[in-house]
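Below you'll find the structure, written out as structure tokens, and then a few comments.
Every read-out reported here was derived from the displayed coordinates using simple, explicitly stated rules and does not represent laboratory data. Just so we're clear, the structure is a prediction, and the values are computed from it rather than from any experiment. Neighbour counts run over all protein chains shown; Cβ positions are idealised from the backbone, glycine included.
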Amino acid sequence: MKTLITGGGGLVGSAMKSELKLTREFCDLTDRKQTESLFKTIKPEGVIHCAGKVGGIGGNSNYKGEYFYDNLLINTNVIEASRKAGAKRLVAFLSTCVFPDKVTYPLTIDQIHLGEPHESNYPYAYAKRMADVQIRAYREQYGLNYTSIIPSNIYGPNDNFSLEHGHVMPMLIHKLYLANQNKTDFIVWGSGKPLREFIYSKDVAHLAEWTLENYKGTDPLIFSEDEEISIKDIVDILVKEFSFKGRVIFDESKPDGQFKKPSDNSKIKELYPQFEYTPLEVGIKETINWFIENYETARK
Ligand code: GDP
């Protein structure tokens, strides 16, 4: 299938096999005309939509307006442009943060729209929820076999290692790299107690491609690992990997965000039981090595 990847230079897009990758330099997806005209020229049969304005807890609190506006436009334009260009299949990325804050665990797809998202990322979450609504509406009106996927916390090479608005894994890797070099303290945000499920970018890329080719269902698919791990345990793994000997400080003036968000991955496990997920330690090692080797050019 001729597959176009949006966000082709990003964390997950860069790990995909298709060579038809859109990057932000090439097309401004918030611009409807530009997006539609490009999609009509390319005429993709399939689209994997990874592009978005994303960040961690810092980015989500500092750029609320931008995260809402840009993501709403990007999703709306990409899904509509795919339809107009005749794409038969589309897989769009949501995130486990789309779920309501007050929810029954594990997160299951029937709960997506049942209440307010967590206050730490509601603009992003609401914008992403609308992609789910748009896909459902397009399926019902136009009969399009479009779907969405919901990954837990993704990490890996080509992430954004920004010290202000990155996600926890790339930010901690970058901070530790600097603390090690400058012999300074390693500052972790929050209490270290929140729990997260991490999944390696290459696994997510493979599962998204698999979904595009094989998934006939309509419900969003949740991609996550079975294990939840605390931020403190992630810190311990990173400290060991870097052989860091300095002080680790938990800055509790910074937010913890949602305490936990375990998700129900039973559907993808049932559909694709043979897939082997990358162990966390292996993925973390590869990510650290990538960051060190690409320090000059990495997004940060
Ligand atoms: P979330 O999973 O959507 O909340 O987003 P993040 O990837 O930003 O993870 C946030 C969790 O990691 C929160 O519990 C933070 O308190 C904790 N954390 C610890 N240190 C850092 C850090 O340096 N950056 C970020 N983004 N989060 C951190």
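Summary table below
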item: Least to most buried among Cys97, Cys50 (fewest other Cβ within 10 Å first); result: Cys97, Cys50
item: Whole-Hz ³J(HN,Hα) from phi, Karplus 6.51 cos²θ - 1.76 cosθ + 1.60, for the range 91-103, glycine and proline x; result: 10, 10, 7, 9, 7, 5, 6, 5, 6, x, 5, 8, 8
item: Interatomic Cα distance distribution for the range 136-206, bins of 5 angstrom, percent; result: 3, 13, 16, 18, 14, 10, 8, 6, 4, 3, 2, 1
item: Cβ-based exposure ranking for Tyr155, Tyr177, Tyr69, in which fewest neighbours within 10 Å come first; result: Tyr69, Tyr177, Tyr155
item: Mean separation of Cα contacts under 8 Å, 6 or more apart, over the residue count of the range 40-185: relative contact order %; result: 28
item: Ranked Phe93, Phe259, Phe250, criterion: other C-beta atoms within 10 Å, fewest first; result: Phe259, Phe250, Phe93
item: Over 20 Å [Cα-Cα, the range 154-243], rounded percent; result: 45
item: Over the range 136-248, relative contact order from alpha-carbon pairs under 8 Å, at least 6 apart, %; result: 36
item: Tensor-based shape of the range 1-141 (alpha-carbon gyration tensor, a/c under 1.5 rounded, otherwise prolate or oblate); result: prolate
item: Counting DSSP beta bridges with both ends in the chain, the antiparallel % (nearest 5); result: 10
item: Estimated vicinal HN-Hα couplings, Hz - the range 249-261 in sequence order (Karplus 6.51, -1.76, 1.60; Gly, Pro = x); result: 10, 8, 8, 7, 7, 8, x, 8, x, 5, 5, 7, 7
item: For Ile187, residues with placed amide H under 5 Å, excluding near neighbours; result: Ile249
item: Histogram of C-alpha separations across the range 19-85, 10 Å bin width, %; result: 20, 51, 22, 6
item: Contact order relative to length of the chain, as percent, for alpha carbon pairs under 8 angstrom and 6 or more apart; result: 20
item: Over the chain, volume per residue of the alpha carbon convex hull, in Å³; result: 122
item: Estimated Rh, the range 1-56: Kirkwood, alpha-carbon pairs, angstrom; result: 11.5
item: Convex hull per residue volume in Å³, alpha carbons only, for the range 72-181; result: 134
item: Tail beyond 18 Å, pair distance distribution of the range 200-300 (Cα, percent); result: 63
item: Most to least packed among 122-129, 263-270 [average Cβ atoms within 10 Å]; result: 122-129, 263-270
